[in-house]
Amino acid sequence: MSPDQMELVRGTADVLMSIGSRVSDHFYDELFTVAPGVRPLFPDDITEQKIKLMDTLASMVGFMTHPDMFASVARQVGRRHAAYGALADHYGPVGECLLSSLHKVLGPRFTPEVREAWATLYGEIAAVMIAGQEAARGTASAGNPATA
Ligand code: HEM
């Protein structure tokens, strides 16, 4: 990400603030509409989940200027996603829903440049998460054929 893009993300990240975030409400409504197949992967009650997702994204915004922390946190979250049943193909729809939810909540603040900046951040998180997820799956299936 360029320094300008980091600035654009930081300048609009206030909408991720946890309790009562409208971003996460839109996000899950839209995700479960466009990709209903992923609904069963989540617990019935996603109240806490909404907060955790927004908190993690907020942390990643903070770690944009700390590449080691950024990679380490994204990789750990990715590793956990192997157990949740997340697949690499899910990251596209998840990213689209996130961008569209940010758009809904930010309104005119969501300029094309802001969109591009968030899309770049998401792409970087997703790439590391997918690597972590695949690594965890590789380890799990090599160590325990029952989970392959
Ligand atoms: C940038 C992308 C993503 C981020 C930052 C993210 C973040 C999180 C966080 C913070 C949690 C809470 C539990 C934990 O920390 O391990 C979580 C749970 C979960 N995520 Fe993601 N996630 C992302 C993408 C995805 C994708 C693509 C899927 C695929 C469907 C997915 C499915 C799930 C599920 C099913 C849970 C709930 C697990 C449970 O509580 O049983 N996530 N995610």
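The values are calculated or read from the model by the stated rules, or taken from the named source; none is laboratory data. The structure displayed is predicted, hence computed values, not measured ones. Virtual Cβ from ideal backbone geometry, glycine too; neighbours counted across all protein chains shown.
Among the candidates Ser24, Ser18, which residue alone is modelled with pLDDT under 95 and either touching a strand residue (DSSP E or B) at 6+ places or on another chain (Cβ under 8 Å) or not in a helix (DSSP H, G or I) (or both)? Walk me through how you get there before you give the answer.
Numbers: Ser24 fails: either touching a strand residue (DSSP E or B) at 6+ places or on another chain (Cβ under 8 Å) or not in a helix (DSSP H, G or I) (or both).
Just a single option satisfies the conditions, and that option is Ser18.
Within the range 27-54, the residues that satisfy the criterion of being part of a loop (DSSP other than H, G, I, E, B), of a type outside the set (Val, Ile, Thr) and surrounded by 13 or more Cβ atoms within 10 Å (Cβ to Cβ) are Ala35, Phe42.
Residue by residue, here is whether (1) within 10 Å of the ligand (Cβ to nearest atom); (2) under 24 Å from Glu7 (Cα atoms); (3) touching a Lys or Arg at 6+ places or on another chain (Cβ under 6 Å) holds:
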{"residue": "Glu48", "(1), (2), (3)": "yes, no, no"}
{"residue": "Leu57", "(1), (2), (3)": "yes, yes, no"}
{"residue": "Phe63", "(1), (2), (3)": "no, yes, no"}
{"residue": "Ser72", "(1), (2), (3)": "no, yes, no"}
{"residue": "Asp89", "(1), (2), (3)": "yes, no, no"}
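Of everything listed in (1) more than 18 Å from Ile130 (Cα to Cα); (2) at pLDDT 95 or above; (3) of a type in the set (A, V, I, L, M, F, W, C), the single unmet condition for Ala13 is (2).
Against the definition (assigned to a helix (DSSP H, G or I), among the hydrophobic types (A, V, I, L, M, F, W, C), within 19 Å of Leu8 (Cα to Cα) and under 11 Å from the mean Cα position of the chain (by Cα)), how does Met60 come out, yes or no?
Values: assigned to a helix (DSSP H, G or I): yes; among the hydrophobic types (A, V, I, L, M, F, W, C): yes; within 19 Å of Leu8 (Cα to Cα): yes; under 11 Å from the mean Cα position of the chain (by Cα): yes.
In short, yes.
Can you name every residue in the range 32-42 that is closer than 17 Å to Leu87 by Cα and either within 9 Å of the ligand (Cβ to nearest atom) or free of Cβ contacts under 8 Å to residues at least 60 places away in the same chain (or both)? If you could, list the steps in order and put the result at the bottom.
Just the residues of the range 32-42 that are closer than 17 Å to Leu87 by Cα, to begin with: 32, 34-42.
Correct list: Phe32, Ala35, Pro36, Gly37, Val38, Arg39, Pro40, Leu41, Phe42.
Checking the structure you have, find out if any residue of the range 27-39 is farther than 22 Å from Ala131 by Cβ and within 11 Å of the chain's Cα centre (by Cα). The answer is yes; a qualifying residue exists. Looking across the range 75-108, the residues that are modelled with pLDDT of 95 or more and basic (Lys, Arg) come down to Arg75, Arg79, Arg80.
When Ser2 is tested against the conditions (1) surrounded by 14 or more Cβ atoms within 10 Å (Cβ to Cβ); (2) closer than 18 Å to Gly62 by Cβ, the lone failure is (1).
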